[in-house]
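Before any comments, here is the structure.
The values are calculated or read from the model by the stated rules, or taken from the named source; none is laboratory data. Here the structure is a predicted model, which is why all the values come from computation and not from measurement. Note: areas computed on protein heavy atoms with side chains; ligands, DNA, RNA excluded. Shrake-Rupley method; radii C 1.70, N 1.55, O 1.52, S 1.80 Å.
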Amino acid sequence: VRIVDACGSTNAEMMREARAGGPGGQVLAAEVQWEGRGRLGRSWHSGLCNALTFSLLWRTESPASALSGLSLAAGVAIVRALRRHAVNAQLKWPNDIVYEERKLGGVLIEVQGAGHESCAAVIGVGINTRLGAETRRRIDQAATDLTEAGGNIRTRSDWLAAILIEIAAVLDRFARAGFAPLQREWDGYHAHAGRPVELTLPNGERMRGIAAGVDEAGRLLLATGSSTRAVMSGDVSLRASA
């Protein structure tokens, strides 16, 4: 584990390590990022020491095509860690960590390698720990932090250790069998389970239905009338509908 005062993006730094042939198991954490990124190119807003931001480089013998559901698996690990320490967090598909309907953190997966060869995945994690007023003003959705959510850990270093322990266990299982063994646990943490939701596709199309969990590949199952549609991670945004 390496901790730096500041960097543009821990994910970008770890992707450079991946391309340079760096070993798996490396973790880079930053006190502050100025180019933190979320899903679909969105900015991740954080200030000095008010979030836990880190990236893990994981090497696997599996090809990139076998990593479907990896971001959901990482979410399971994070929620396990938070719940072990009295934060009743939930998951919002595909990669958000939420607490009482407000965003607490998120996961960003980037992969180096293509085709049928082994690859490297960078698992980026951001968890709000103590948001300042200025940072809250820049966030375009309801947000919360670990200070508000409670828990029995008070330092970011301890939270980092707790989360890494669970990520290591989940990655070991994922390497052997993919996301399927974690599907039921993910569904148990699902913040929108059984609720009406609205999906907005990148082309502007909107779909409404009932969130019916995820499948063994980590795709959201949307029940619409007499049919159920599976939607791939990264293609939609999810909002609870009225």
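Along segment 25-35 the Karplus relation, 6.51 cos²θ - 1.76 cosθ + 1.60 evaluated at θ = phi - 60°, assigns HN-Hα couplings of x, 6, 10, 10, 10, 10, 5, 8, 10, 10, 10 Hz to successive residues, with x for each Gly and Pro.
Per-residue Karplus couplings for segment 183-195, computed as 6.51 cos²θ - 1.76 cosθ + 1.60 with θ equal to phi - 60°, are listed in order as 4, 5, 5, 4, 4, x, 9, 5, 5, 10, 4, x, 9 Hz, Gly and Pro entered as x. Within the accessible surface of the chain, defined with a 1.4 Å probe on protein heavy atoms only, the carbon and sulfur portion equals 48 percent.
When all protein chains stay in place and ligands, DNA and RNA are ignored, the 1.4 Å accessible-area order of Arg16, Arg59, Arg176, largest first, is Arg176, Arg16, Arg59.
Note that the chain presents 46 Å² accessible area per residue, ligands and nucleic acids not counted, probe 1.4 Å. Build a GNM of the chain with springs between Cα atoms under 10 Å apart, and of Gly24, Gly124, Gly75 the one that fluctuates most is Gly24. Each residue of segment 70-134 gets 106 Å³ once the volume of the Cα convex hull is shared out per residue.
Is the C-alpha gyration tensor of segment 90-242 telling us rounded, prolate or oblate? Criteria: a/c under 1.5 is rounded; beyond that, a/b larger than b/c is prolate, otherwise oblate. In terms of gyration-tensor shape, oblate. Note on exposure: His85, His116, His192 ranked by accessible area (1.4 Å probe, complete protein assembly) read His116, His85, His192, with the most exposed listed first.
A straight chain from Arg84 to Arg138 at 0.36 nm per residue would run longer than the Cα-Cα distance by 16.4 nm.
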